[in-house]
1. Given the DSSP H assignment, sum -39500 (n - 2.57) over each helix run of at least 4 residues in the chain and divide by its residue total; what's the result at 222 nm in deg cm²/dmol, nearest 500?
2. Filter the trypsin sites (Lys or Arg not before Pro) in the range 213-255 to those in DSSP coil with at most 14 other Cβ atoms within 10 Å of their Cβ, and list the result.
3. For the range 13-166, what proportion of DSSP beta bridges, expressed in % and rounded to the nearest 5, is antiparallel?
4. Where does helix 107-116 land angle-wise versus the long Cα axis of the chain, in degrees 0 to 90, nearest 10?
5. Considering the chain as a Gaussian network with a 10 Å cut-off on Cα pairs, which listed residue, GLY261, GLY326, GLY205, attains the greatest mean-square fluctuation?
6. Could you list HIS305, HIS141, HIS148, HIS183 so that the one with the fewest beta carbons within 10 Å of its beta carbon is first and the one with the most is last?
7. Kindly provide the trypsin sites (Lys or Arg not before Pro) of the range 56-137 that DSSP labels as loop, not H, G, I, E or B, and whose Cβ sees at most 15 other Cβ atoms within 10 Å.
8. Build a GNM of the chain with springs between Cα atoms under 10 Å: which of ASP315, ASP214, ASP257 gets the top mean-square fluctuation?
Amino acid sequence: MSTSTIANKSASTATADFLPLNGTDYIEFYVGNAKQAAHFYKTAFGFQSLAYAGPETGTMDKVSYVIRQNKLTFVLTTPLKPNNDIADHIYRHGDGVKVLALMVDDATDAWEQTTQRGGKSYLQPTSLKDQNGEVVLSGIHTYGDTVHVFVERKNYKGVFMPGFRKWESDYNPSQTGLLYVDHCVGNVGWNQMNPWVKFYEDVMGFRNILSFDDKDISTEYSALMSKVMSNGNGYVKFPINEPAEGKKKSQVEEYLDFYLGEGVQHVAIATADIVKTVAELQRRGVEFLKVPASYYDDVLDRVGHIEEDLSPLRDLGILIDRDDEGYLLQIFSKPVEDRPTLFFEIIQRKGAKSFGKGNFKALFEALEREQDARGNL
Ligand code: FE2
């Protein structure tokens, strides 16, 4: 179950990759009420029930619901008592991403390679076994309180991992066409982008494939900078944002103020039919940022011919951008919590391997209208 995203020109150098990654294994969210969060992601986004851990399975201090849609797996975890890392994380950050888990063939080697290069250990290689085989986990810290867990599951046949049982539910809303994680973006503090770029280069063997400075990503009021980090085969991409000076507060600063530190800003999810997916998500109550209707007046002059009819894109608020290799269609949700922190991007790539630079200005102006309404601009 590899997560295939963009073919990468450097795939031939994969033999030299000291941290070969097979894709994103799962994303774990620490949330205030995992039962309700699971219901939300099933109902609104079309995830399917997969697995459960809690007191009934011998996990006495927390519950976790695992939900899946195609190659996209979310784990939603809530503590059952206060005074532990999970409760503290939720108290400080609100609901948010704790774990960006990466699929590896050898979790012990991944931990050794990364900690030798300066990665701070989060979890020493740990073997979990049940009647379905063995999963080996290990992990390192990244920005803020976020961690990477390396998951080795080649010797496991069970539904998720030891400690979990299959979650059979009578409530099974249909899927919405979400396929896999395209990229996960981190927001870091002032002057912290380059240190974290170096972390991904030195500790994890990633390389910087794209950079945006404050001239690329600025409106009249606020700015940010971003560098996109990719692993060797291109399956895993982590853009890193930091705020930049503007007349008013950057959206990254607002995030840092409300998350109380660095963390995951958005998870971009791929679809093969963005019109169908986004129409369905909106019907189910997912809220998206809207750009002004005037965006569509001249968008085709900018991006050239596209296969889709413009009118459903305009009706749904889907944005279009083009690079040397093709075009992409994308849309951004509003934050999915009360704090203005984590949101989702839905993306359909039609050749383009970039991230929608041509949409940044229209998008950030839309975002600033929301920020202003919250009194944080
Ligand atoms: Fe993105």
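Bear in mind these aren't lab numbers, they're just calculated from the coordinates by the rules spelled out. Values in this document were obtained by computation on a predicted structure and should not be read as measured data. When we count neighbours, we look across all protein chains shown, and the Cβ atoms used for this are built from the backbone with ideal geometry, even at glycine.
1. Mean residue ellipticity at 222 nm (helix-derived): -6500 deg cm²/dmol.
2. Working: sites: LYS215, LYS227, LYS237, LYS247, LYS248, LYS249; in loops: LYS215, LYS247, LYS248, LYS249.
Counting only loop positions with at most 14 other Cβ atoms within 10 Å, the trypsin sites (Lys or Arg not before Pro) in the range 213-255 are LYS215, LYS247.
3. On the way: 36 of 45 bridges.
Here the antiparallel bridges make up roughly 80 percent for the range 13-166.
4. Once rounded, the angle reads 70 degrees.
5. Per the Cα network of the chain with a 10 Å cutoff, GLY326 tops the list.
6. Numbers: HIS305 7, HIS141 15, HIS148 25, HIS183 22.
Ranked by crowding around the Cβ, least crowded first: HIS305, HIS141, HIS183, HIS148.
7. Numbers: sites: LYS62, ARG68, LYS71, ARG92, LYS98, ARG117, LYS120, LYS129; in loops: LYS71, ARG117, LYS120.
Counting only loop positions with at most 15 other Cβ atoms within 10 Å, the trypsin sites (Lys or Arg not before Pro) in the range 56-137 are LYS120.
8. Of the options given, ASP315 has the highest mean-square fluctuation.
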